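The values are calculated or read from the model by the stated rules, or taken from the named source; none is laboratory data. Just so it is clear, the model here is predicted, and its values are computed rather than measured. Cβ coordinates were reconstructed from backbone atoms using ideal geometry, including for glycine residues, and neighbour counts include every protein chain displayed.
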Amino acid sequence: MKKTGIVISVLLLAIGFAAKTATLMIDGNSKILTDLNDFVVYFSNVIVDGESDPSLINDSKNQFIFSSDTLISSGDSQEFQYTIRNDSTQYDAEVSVECVPNSVIDISLSNNMPNSYIEAGSEQDGIITIEATDDNPDITEFTCTLNVTAIERTEAGGSKILPEVMYVSTTYPEAIWEYKEDITNIVIQDEMNAITDAAYSFDISANEDGSVMAYMVENSDQPGTYTTYIQGDGGFALGEDGSDFFREFSQLVTIEGLEYLDTSNTTSLESFFRDCVSLESVDVSHFNTSKVETFYNMFSHCDKIVTADISSFDFSSAENISGMFEYCYALEEIDFGSSTTPNLISTYQLFYHCESLKRVDISNLDTSDVLDMSAMFSYCRSLESIDLSNFVTTSVNDMSNMFYHCESMANLDISSFDTSSVLNMTDMFRDCNVLENLNFSNAVFSSVESHTYMFHNVETELSILAKDEEAASWLEERLAEDDITGTVTVAG
C-alpha cells in the first residue's frame with residue numbers, strides 16, 4: 001500500500017449544552033472531491049442508549065443531533081455509538097476522532113474506536129460516553145474532529161457496502177407490498193434517479209434513510225397495474241432474513257436487474273418467489289448463497305417458470321431445500337450445479353408437482369444427513385429417468401410418496417439406497433404405472449412400519465431386484481397386498 005498524501009479534516013461533532021439538556025451535533029463529510037472520487041466515508045448509523053436511530057442522521061449523512069436530559073447528578077452518563085462506513089473499493093481510510101471542550105466543565109467525555117484503520121468496503125463502530133463529574137454540571141460545548149487519510153490499496157478492495165432493504169413478511173402491508181397483486185414488472189437499478197411522475201414512491205431502506213427507493217409507474221397499456229423501479233446506489237442488499245420478499249406478487253411477469261441485489265449476508269431465502277404465479281423467467285445466476293441455510297419453498301407455485309438456473313448456487317450452508325420447486329408445473333429442467341451440501345437435512349417435496357420436469361441433475365447433493373425425502377419426486381409425471389447413484393440415505397426415515405405418480409419412469413435404479421432407518425414407505429411407488437424394472441438391491445426393510453399402497457396402480461409386469469431372500473420375501477408381500485403382478489429376484 002502507499003499513502004496518497006491527502007488528509008481531510010472534517011468537523012465531526014459540536015456539542016451544545018443548556019442547563020440539564022445536552023444537544024450533540026455531528027457534522028462530518030469525508031468525501032474527497034478530487035480525482036479520488038472512489039473514496040467515500042460517511043456515517044451509516046447512530047445508536048443512542050442501545051437503540052438504533054439512523055433517522056437522526058441528516059440527508060447528507062454528515063450530521064446528526066440528539067438531546068439528553070439525563071446528566072443531572074454526578075455519575076450520570078449518556079452513551080452513543082456511531083458507525084463510520086468506508087464505501088471505497090480502491091482506498092482504505094485512516095481515521096481519528098478528537099473531541100475538545102470549549103471551556104472547563106463538570107463533564108468528562110471519552111471516545112473509543114477500537115480500530116482507526118477502516119479497510120475499503122468495511123465499517124467501524126465508535127462509542128462516545130459523556131459523564132457528569134458533579135451534580136448539576138455546567139454543560140457546555142464540545143467540538144470533535146474526524147481526520148481522514150486516504151490510503152491507496154495495492155490490491156483491489158472489498159465490494160461496496162450496499163444499503164439494506166427492509167425486512168418483509170407475508171403480513172407486511174406497506175410500501176410496494178401493499179400493491180403486490182398489481183405489479184407486473186420489477187426493474188432493479190444501481191443508480192438513484194428519482195422518478196418524479198411515479199404514481200407512488202416509497203423509502204424501503206432498512207434504515208429508513210432513503211438509500212433504497214421504490215417508484216411505481218402505472219402501465220399505460222394496463223391501467224391499475226404498475227412497473228416498479230427499485231433503486232440503490234450500486235444496488236441494494238437483503239438483510240439476514242430475505243424470506244417472502246417477492247411472495248404473492250401474483251401478476252409479476254418479469255424481474256430485471258437481480259444482479260444488483262446482494263444476498264451475500266442472507267441466511268434465508270424461504271418463499272422468496274413463492275406464489276409468483278405469472279413469472280415466466282428469472283435470472284438468479286448472480287445470487288451469492290454461501291450463507292443461506294434455508295431455501296424452503298423458494299420458487300413454490302411459480303407456475304409458469306420453465307427454467308431456473310441455480311447451477312451457480314452455493315449450497316454449502318443449506319440445511320433445508322424442501323419444497324424449493326413444488327408446484328412449478330411448467331419447469332422442464334433443473335441443475336443443482338457442483339456445490340456440495342454437507343449440512344443438508346431435508347429434501348421433502350423438493351420437486352412436488354413439477355409435472356413437466358424432464359431433466360434433473362442432483363448428482364452432487366450430499367444426502368448423508370437427510371432425514372426426510374418424502375414426496376421428493378411426487379407428481380413428476382414427465383420424468384423418465386433420474387441418476388440417484390450418489391444418494392446416501394443412511395439417515396432417512398421417511399420415503400413415503402417419494403416417487404408417487406412418476407408416470408413416465410419405466411426404469412428406476414435406487415441400488416444405492418440404504419433403507420435401514422426408513423420407517424415409512426407408504427405410497428412410495430404408487431401410480432408409477434409404467435414402471436417395469438426396479439433395482440432395490442441394497443434395501444433392508446426391518447425398520448419399516450408403514451407401507452400401505454407401496455406399489456398401488458403399477459400396471460406393468462414389474463421386475464424387482466432385491467438384496468437377499470428376506471428382502472425379496474418382504475417385497476413379494478407388498479406386491480401381493482397391492483395386487484400387482486411381478487417378479488422379485490435376489491441380486492447375484
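Which of the residues that make up region 372-405 are surrounded by fewer than 16 Cβ atoms within 10 Å (Cβ to Cβ) and closer than 17 Å to Ser421 by Cα?
Passing the criteria: Val392, Thr394.
Just give me the residues in region 107-163 being under 30 Å from Ser73 (Cα atoms), in contact with a strand residue (DSSP E or B) (Cβ under 7 Å, 6 or more places away or on another chain), in a loop (DSSP other than H, G, I, E, B) and modelled with pLDDT under 80, in sequence order.
Met113, Pro137, Ile139, Thr140, Glu141
On the given criteria, is Thr419 of a type in the set (Val, Ile, Thr) and over 33 Å from the mean Cα position of the chain (by Cα)?
yes
Give me a count of the residues in region 210-241 that are touching a Phe, Trp or Tyr at 6+ places or on another chain (Cβ under 9 Å), aliphatic (A, V, I, L, M), under 17 Å from Leu258 (Cα atoms) and not in a loop (DSSP other than H, G, I, E, B).
Number satisfying all stated conditions: 4.
From Glu259, Glu248, which residue is more than 18 Å from Asp87 (Cβ to Cβ), in contact (Cβ under 8 Å) with a residue 12 or more places away in the chain, assigned to a loop (DSSP other than H, G, I, E, B) and not basic (Lys, Arg)?
The conditions single out Glu248.
Of everything in region 162-186, what is surrounded by 16 or more Cβ atoms within 10 Å (Cβ to Cβ), more than 19 Å from the chain's Cα centre (by Cα) and touching a residue at least 60 places away in the same chain (Cβ under 8 Å)? Give them in sequence order.
Within region 162-186, Lys180, Asp182, Ile183, Thr184, Asn185 qualify.
What tally of residues in region 196-209 results from selecting those that are crowded, with 16+ Cβ neighbours inside 10 Å and closer than 18 Å to Tyr260 by Cβ?
Looking only at that region, the number is 4.
With respect to Thr267, is the statement that it is more than 22 Å from Asp369 (Cα to Cα), among the polar types (S, T, N, Q) and surrounded by fewer than 23 Cβ atoms within 10 Å (Cβ to Cβ) true?
The answer is no for Thr267.
Can we say Ser281 is polar (S, T, N, Q), touching a strand residue (DSSP E or B) at 6+ places or on another chain (Cβ under 9 Å), assigned to a loop (DSSP other than H, G, I, E, B) and modelled with pLDDT of 95 or more?
no
Among the residues of region 321-338, which ones are assigned to a loop (DSSP other than H, G, I, E, B) and out of contact with any Leu (no Cβ under 9 Å at 6 or more places or on another chain)?
Result: Tyr327, Tyr329, Ala330, Gly337, Ser338.
Among the residues of region 300-320, is there at least one that is under 17 Å from Glu270 (Cβ atoms) and part of a strand (DSSP E or B)?
Scanning region 300-320 turns up at least one residue that is under 17 Å from Glu270 (Cβ atoms) and part of a strand (DSSP E or B).
Out of Ser378, Ser374, I need the residue that is among the polar types (S, T, N, Q), touching a Ser or Thr at 6+ places or on another chain (Cβ under 6 Å) and at pLDDT 95 or above. Which one?
On inspection, the qualifying residue turns out to be Ser374.
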